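A.B. asks: Attaching a single structure in structure tokens format; questions to follow.
Derivation of every value follows stated rules applied to the coordinates shown; laboratory data play no part. For clarity, every value in this text was computed on a predicted model and none was experimentally measured. We place every Cβ from the backbone using ideal geometry, glycine too, and count neighbours over all the protein chains shown.
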Amino acid sequence: MARYTAKQHFRHDDKPALGILLANLGTPDAPTAPALRRYLGEFLADPRVVELPRVLWRIILHGIVLRTRPARSAKAYEQVWTEQGSPLLTIGKAQAAGVTERLQRALQGKVALELGMRYGNPSMPAALRSLREQGVERLLVLPLYPQYSGATTASTFDALADELKQWRWVPELRFIGQYHDDAAYIACLASSIREHWAEHGQGEKLLFSFHGTPRRYLLNGDPYHCQCHKTARMVAETLGLPTDAWQVTFQSRFGKDVWLQPYTDKTVETLGKGGMKTLDVICPGFSADCLETLEEIQGENAEIFQHAGGGTLRYIPALNERQDHLDMLTALVMDHLQGWPEAGGQSRALREPDATGERAVALGAER
């Protein structure tokens, strides 16, 4: 068996294509315990996600976590599952379609775009191989994580490298690491908040809730915490909010480690006990609504707030497939394509497929 793989049915007169990979975290195939066991087994085995000695963590993961957590997680996923399936995947497909349509209008030549999940399906390896079969020789990867984290963005790069290092012909590569302070991204968030307030009125406080990570990741050099605060600050400044009208918190902690603080659920509880009547929550770190936003914030934290004595917690949806969000993602891709021929750049070595094919056949190639 060959050690390295290549495009099937290669022809010397193939027209080179530009490939775009949109990557997100992933989702189980179904809201069932077996599907969650497969998904969590892949997710929690990633050393970028859980930075513990591998032997110790493998014992904990397979001896405890995967014996108890899948059933509980399946019940949570049942709360957000739709007729179309997982919200994250459904929204991801809509995002991919919207960005594809915009790029095809803006770019020259052959362009292919695929959605790939770091864990679960459609997998990143499958998406990358599909791009290869479409003749992609230039590849741009956009992880849909506005704020960089080793547990998300860098893990995506790991999966990308693991796949590409098996390829005989590696494409030219560009990788977008973060867009937490992109002006258009900030404007999209501000617009979504304004629209929410126009429909429902402005709450007494705006909470920016980001997914948490263990605090030691920050102390070891991960910029995620700082980027979350910058995003929130820029949005608050755009909205003209005073400092006491908004706050940054972190959700979804797991295990016994100290995670980034303040914790969202504890903050929500405290605000509820203080008698707050309306609390608005937005989750800027999620490009698409998913379990963590719909079940954890809109569901669980809303109950915590109410049971503590508060009034109504109002979740402001993720940017999802908003038109301004799709425009922003497309513009972000275009910015990073500069210099490549599809974006109007002058390539120093742009192959002429027909002439290449003729010369190859003349030299003895079959096709």
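A.B. asks: Are there any chymotrypsin sites (Phe, Trp or Tyr not before Pro) in segment 2-48 that are in a DSSP loop and have at most 10 other Cβ atoms within 10 Å? List them by number. List each step's numbers first, then the result.
C.D. replies: Numbers: sites: Tyr4, Phe10, Tyr39, Phe43; in loops: Tyr4, Phe10.
Passing sites in segment 2-48 are Tyr4.
A.B. asks: Say each of Glu51 and Leu219 gets a label point 7 Å from the Cα, pointing the same way as Cα to Cβ; how far apart are those two points in nm?
C.D. replies: According to this spin-label approximation, the distance is 1.1 nm.
A.B. asks: Taking K and R as +1 and D and E as -1, what net charge do the other residues with C-beta under 15 Å from the C-beta of Asn301 add up to? It would help to have the intermediate numbers written out before the result.
C.D. replies: On the way: positive: Lys205, Arg253, Lys266, Lys273, Arg314; negative: Asp265, Glu269, Asp280, Asp289, Glu292, Glu295, Glu296, Glu300, Glu303.
Result for the local shell: -4.
A.B. asks: Please go through segment 110-211 and write out the chymotrypsin sites (Phe, Trp or Tyr not before Pro) that DSSP classes as loop and that have at most 13 other C-beta atoms within 10 Å.
C.D. replies: Details: sites: Tyr119, Tyr148, Phe157, Trp167, Trp169, Phe175, Tyr179, Tyr185, Trp197, Phe208, Phe210; in loops: Tyr148, Trp169, Tyr179.
When the chymotrypsin sites (Phe, Trp or Tyr not before Pro) of segment 110-211 are filtered for loop state and at most 13 Cβ neighbours within 10 Å, Trp169 remain.
A.B. asks: If you average the C-alpha positions of segment 95-132 and of segment 275-293 separately, how far apart do those two centres end up, in angstrom?
C.D. replies: Here the two parts' Cα centres lie 28 Å apart.
A.B. asks: What order do you get for Met124, Met234, Met334 when you list them from fewest to most C-beta neighbours inside 10 Å?
C.D. replies: The fewest-first ordering by Cβ neighbours comes to Met334, Met234, Met124.
A.B. asks: While we're here: Holding the Cα-Cα limit at 27 Å, pick out from Lys230/Lys273; Lys205/Lys230; Lys7/Lys93; Lys75/Lys205; Lys7/Lys110; Lys15/Lys165 the pairs that are longer than that.
C.D. replies: On the way: Lys230/Lys273 29 Å; Lys205/Lys230 18 Å; Lys7/Lys93 25 Å; Lys75/Lys205 31 Å; Lys7/Lys110 17 Å; Lys15/Lys165 23 Å.
Pairs exceeding 27 Å: Lys230/Lys273; Lys75/Lys205.
A.B. asks: In debye, nearest 20, what is the charge dipole magnitude of segment 183-316 about its Cα centre with +1 on Lys and Arg Cβ and -1 on Asp and Glu Cβ, if you could check? Mind dumping the intermediate values first?
C.D. replies: Details: 12 positive and 16 negative charges, 91 e Å.
So the magnitude is around 440 debye.
A.B. asks: Also: Apply the Karplus curve 6.51 cos²θ - 1.76 cosθ + 1.60, θ = phi - 60°, to the phi angles in segment 161-168 and return the couplings in whole Hz, x for Gly and Pro.
C.D. replies: Residue by residue, segment 161-168 yields 5, 4, 6, 5, 6, 9, 8, 6 Hz.
A.B. asks: Let me ask something additional. Let me have the relative contact order for the chain, percent, based on Cα pairs under 8 Å that are six or more residues apart.
C.D. replies: Working: 593 pairs, mean separation 80.7, N = 367.
The value is 22 percent.
A.B. asks: Go through segment 293-301 residue by residue and turn each phi into a ³J(HN,Hα) via Karplus (6.51, -1.76, 1.60, θ = phi - 60°); whole Hz please, and just put x for glycine and proline.
C.D. replies: 8, 7, 7, 6, 8, 5, x, 4, 6
A.B. asks: Between segment 161-213 and segment 71-85, how far is it from one alpha carbon centroid to the other, in angstrom?
C.D. replies: 24 Å
A.B. asks: Can you give the helix-only mean residue ellipticity at 222 nm for the chain, where every DSSP H stretch with n ≥ 4 adds -39500 (n - 2.57) and the sum goes over all residues, rounded to the nearest 500 deg cm²/dmol? Write out the running numbers ahead of the final one.
C.D. replies: Details: 13 runs with 153 residues, N = 367.
Calculated at 222 nm, the ellipticity per residue is -13000 deg cm²/dmol.
A.B. asks: Which order, highest average first, do 83-96, 132-145, 218-231 follow once you tally other Cβ atoms within 10 Å for each residue and take the mean per peptide? Working shown, then result.
C.D. replies: On the way: 83-96: 19.4, 132-145: 21.6, 218-231: 17.1.
Ranked by mean Cβ neighbours within 10 Å, highest first: 132-145, 83-96, 218-231.
A.B. asks: Right, something else. Work out the length of the dipole vector of segment 264-318 about its Cα centre, built from +1 on the beta-carbon of each Lys and Arg and -1 on the beta-carbon of each Asp and Glu, and round it to the nearest 20 debye. Present the calculation step by step, with values, prior to reporting the outcome.
C.D. replies: Details: 4 positive and 9 negative charges, 69 e Å.
Computed about the Cα centre, the dipole is about 340 debye.
A.B. asks: Same structure, new question: Calculate the spin-label point distance for Tyr4 paired with Asp162, positioning each point 7 Å from the Cα along the beta-carbon direction, and give it in nanometres.
C.D. replies: 2.1 nm
A.B. asks: Determine the shape class of segment 183-316: with a ≥ b ≥ c the square roots of the Cα gyration tensor eigenvalues, call it rounded for a/c under 1.5, and otherwise prolate if a/b is greater than b/c, oblate otherwise.
C.D. replies: Working: a/c = 1.67, a/b = 1.12, b/c = 1.49.
Oblate is the answer for segment 183-316, as a/c is 1.5 or above yet b/c matches or exceeds a/b.
A.B. asks: Report the gain in length on full extension from Ile64 to Glu83: 0.36 nm times residue separation, minus Cα-Cα distance, nm rounded to one decimal.
C.D. replies: Numbers: separation 19, 0.36 × 19 = 6.84 nm, distance 3.20 nm.
Additional length available on full extension: 3.6 nm.
A.B. asks: While we're looking at this one, here's another question. Residue by residue, what Karplus-based ³J(HN,Hα) values in Hz, rounded to whole numbers, does segment 220-235 have, using 6.51, -1.76 and 1.60 with θ = phi - 60° and x for Gly and Pro?
C.D. replies: 8, x, 6, x, 4, 4, 5, 5, 4, 5, 5, 4, 4, 4, 5, 5
A.B. asks: Expected output is a single nm value to one decimal: the length gained when fully extending between Asp181 and Glu133, i.e. 0.36 nm times separation in residues minus the C-alpha distance. What is it?
C.D. replies: Values: separation 48, 0.36 × 48 = 17.28 nm, distance 3.49 nm.
Difference between extended and current length: 13.8 nm.
A.B. asks: For Glu101 paired with Thr238, estimate the spin-label separation in nm (one decimal), with each label point 7 Å from Cα along the Cα-to-Cβ line.
C.D. replies: Reported label-point gap for Glu101 and Thr238 is 2.3 nm.
A.B. asks: Report the relative contact order of segment 183-316, percent, no decimals, based on alpha-carbon pairs under 8 angstrom and at least 6 residues apart.
C.D. replies: On the way: 194 pairs, mean separation 41.1, N = 134.
Rounded, it is 31 percent for segment 183-316.
A.B. asks: Just to be sure I understand: if I project the alpha-carbon convex hull of the chain onto a plane and average over all orientations, what area do I get in nm²? Write down the numbers at each step before the final one.
C.D. replies: Numbers: hull surface 84.9 nm².
Orientation-averaged projected area of the Cα hull: 21.2 nm².
A.B. asks: If you don't mind, another one. Local charge sum around Met124 (other residues, Cβ-Cβ under 12 Å, Lys/Arg +1, Asp/Glu -1)? Before the final figure, lay out the partial values.
C.D. replies: Working: positive: Arg118, Arg129; negative: Glu42, Glu114, Asp158, Asp162, Glu163.
Net local charge, Met124 excluded: -3.
A.B. asks: Continuing with this model, one more query. FRET efficiency for Leu363 and Met334, Cβ-Cβ distance as r, R0 = 41 Å, nearest 0.05?
C.D. replies: Details: r = 38 Å, r/R0 = 0.93.
Step by step, r from the Cβ atoms, then E = 0.60.
A.B. asks: Separate question: If the chain between Ala33 and Thr278 were fully stretched, how many nm would it gain, using 0.36 nm times the residue separation less the Cα-Cα distance?
C.D. replies: Working: separation 245, 0.36 × 245 = 88.20 nm, distance 3.58 nm.
Result for the pair: 84.6 nm of gain on full extension.
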